[in-house]
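Novice: To start, I am sharing the structure in question, which I have written as structure tokens.
The values are calculated or read from the model by the stated rules, or taken from the named source; none is laboratory data. This structure is a prediction, so every number in the text was calculated from the model and none was measured. FYI the Cβ positions are ideal-geometry reconstructions off the backbone, even for glycines, and counts take in every protein chain you see. Keep in mind that these areas ignore ligands, DNA and RNA; they rest on the heavy atoms of the full protein, side chains included. Shrake-Rupley method; radii C 1.70, N 1.55, O 1.52, S 1.80 Å.
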Amino acid sequence: MNLQGKTLFITGASRGIGLAIATRAAQDGANIVILAKTAEANPKLPGTIYSAAEAVEAAGGKALPLQVDIRDEDAVTAAVAQAVQAFGGIDILVNNASAISLTDTEHTPMKRYDLMNGINARGTYLCTQACLAALKQSAQAGRNPQVLTMSPPLSMRPHWFEHHTAYTMAKYGMSMCTLGHAGEFKKYGIAVNSLWPRTAIATAALQMIPGIDVKRCRKPEILSDAAYFILTGTGAQTGHFYIDDELLALHGVTDLDQYAVTPGTKDFIPDFFID
């Protein structure tokens, strides 16, 4: 099974992990709906919906770039309608868009709290809700619809909360969507899962965080390859919180050096939320 002719609705797809998932699917000839806020180039944060569309089409897919803030309900609803009109439906939703601020309570302005929870938890819920009717139609047509959210396994250890409570709440909100929607949508034949990296991933957003040594990170392609195995599965698996290297190993991919920013690296920065 591959993704030829499938339509993927990907949030935060102008760069980083979202773009990597988009271009990997495009290699099969998939249709990619690119949602992101960036329509004009920014020297500090490269990548726009239009450069992403060019990359998707160069990889062999069809692209629909849409400038959308996923906190805006009307904009998301309109984007879903445009996607259905352009490609006839939506088969896969990838909830990738996310905001991060690793700050404690004293140093987290409510504006930043609202941004993280608005994009991460609320944005994931909103995009899933908006795509649900199209995903149901995909299921009725036997097209193996799925929702894949880039969020971690849920762990209630205080360690994951005490240094950045607001970020953890926002990120776990995405994971709770996976937990709830997997059970809720099972009757429709829609699989819902999460995927998370074991190590830090070298994205432009991560590089904006002070003190991060990108040389000790992996490339976004480790997640796009792992996501590809989930999205080309049978759809029988739902409600899982996959870790990238474990999933790749299950599919015989054990040489992970290809994903290292610096080949030969053994001392990677571990990602959050993995016990």
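Novice: Restricting to the chain, what percent of DSSP beta bridges are antiparallel, rounded to 5?
Specialist: Counting only bridges with both partners in the chain, antiparallel ones make up about 5 percent.
Novice: Go through region 239-256 residue by residue and turn each phi into a ³J(HN,Hα) via Karplus (6.51, -1.76, 1.60, θ = phi - 60°); whole Hz please, and just put x for glycine and proline.
Specialist: Calculated HN-Hα couplings, in order: x, 9, 10, 7, 9, 3, 5, 5, 5, 4, 4, 4, 9, x, 9, 10, 8, 9 Hz.
Novice: So for the chain, averaging the separation of alpha carbon pairs under 8 Å that are six or more residues apart and normalising by length, what relative contact order in percent results?
Specialist: Values: 557 pairs, mean separation 50.3, N = 275.
Taking the mean separation of contacting Cα pairs over the length of the chain, I get 18 percent.
Novice: Could you work out how far apart the two model spin labels at ASP213 and ALA41 are, taking each label as a point 7 Å from the Cα in the direction of the beta carbon, and quote it in nm?
Specialist: Taking the simple label geometry, ASP213 and ALA41 are separated by 3.3 nm.
Novice: Spelling out what I want: for every residue of region 99-110, take phi, set θ = phi - 60°, compute 6.51 cos²θ - 1.76 cosθ + 1.60 (Karplus), and round to whole Hz; glycine and proline get x.
Specialist: Per-residue couplings from phi come out as 10, 9, 8, 8, 10, 7, 4, 4, 10, 10, x, 4 Hz.
Novice: Let me ask something else. Let's test the formula: R0 of 35 Å, r as the Cβ-Cβ distance of HIS159 and THR254. What FRET efficiency results, to the nearest 0.05?
Specialist: Efficiency at R0 = 35 Å is approximately 0.75.
Novice: A follow-up question, please. Which length gain, in nm to one decimal place, applies between LEU206 and ALA141 when the Cα-Cα distance is subtracted from 0.36 nm times their residue separation?
Specialist: Residue separation times 0.36 nm, minus the Cα-Cα distance, leaves 19.5 nm.
Novice: Ok, one more. What is the gain in length, in nm to one decimal, between GLU73 and MET110 on full extension, counting 0.36 nm per residue of separation less the C-alpha to C-alpha distance?
Specialist: 11.2 nm
Novice: Oh, and also: Residues of region 232-275 with amide nitrogen under 13 Å from the 7 Å Cα-to-Cβ point of GLN27?
Specialist: Within reach of a label on GLN27, which here means backbone N under 13 Å from a point 7 Å along Cα→Cβ, region 232-275 contributes 259.
Novice: Whose amide H sits under 5 Å from the amide H of GLN237, counting only residues 5 or more places off or on another chain, with H placed in the peptide plane?
Specialist: So GLN237 has HN proximity to no qualifying residue.
Novice: Shifting gears a bit: Taking the Cα centre of the chain as origin, sum charge times position over the Cβ atoms of Lys and Arg (+1) and Asp and Glu (-1), and report the length of that vector in debye to the nearest 20.
Specialist: In debye, rounded to 20, the chain gives about 300.
Novice: If you roll a 1.4 Å probe over the heavy atoms of the protein chains, what accessible area per residue do you get for the chain, in Å²?
Specialist: 45 Å²
Novice: Now, a different point. Under a 5 Å amide H to amide H cut-off, with H placed in plane at 1.01 Å, what residues pair with ASP271 once short-range neighbours are removed?
Specialist: THR199, ALA200
Novice: Further question: Show the residues, 5+ positions off or on another chain, whose built amide H is closer than 5 Å to the amide H of VAL33.
Specialist: LEU8, PHE9, ILE10, LEU64
Novice: Just LEU256, LEU66, LEU115 to compare: in a GNM of the chain, with alpha carbon springs under 10 Å, which one fluctuates most?
Specialist: Largest GNM mean-square fluctuation: LEU256.
Novice: So, one more: May I ask you to give the percent of accessible area on the chain that is carbon plus sulfur, with a probe radius of 1.4 Å?
Specialist: Roughly 53 percent of what the probe reaches on the chain is carbon or sulfur.
Novice: For the chain, build the convex hull from the C-alpha positions and give me its volume per residue in Å³. It would help to have the intermediate numbers written out before the result.
Specialist: Working: hull volume 34.2 nm³, N = 275.
In the chain, the Cα hull volume divided by residue count equals 124 Å³.
Novice: Ignoring the sites themselves, what is the longest stretch of the chain with no GluC sites (Glu not before Pro) in a DSSP loop and at most 13 other beta-carbon atoms within 10 Å?
Specialist: 41-161
Novice: Further question: Lysine pairs in the chain with Cα distance under 21 Å, only those 8 or more apart or on different chains: how many are there?
Specialist: 14
Novice: Using the Kyte-Doolittle scale, which helices in the chain average at least 0.0 and also have C-alpha atoms spread 18 Å or more along the helix axis, with helices defined as whole DSSP H runs?
Specialist: Those that pass (Cα extent of 18 Å or more, hydropathy at least 0.0) are 73-87, 123-140, 165-185.
Novice: Just to be sure I understand the model, the point goes 7 Å from the Cα along the line to the Cβ. What's the resulting GLN82 to MET169 distance in nm?
Specialist: Computed distance between label sites GLN82 and MET169 equals 3.2 nm.
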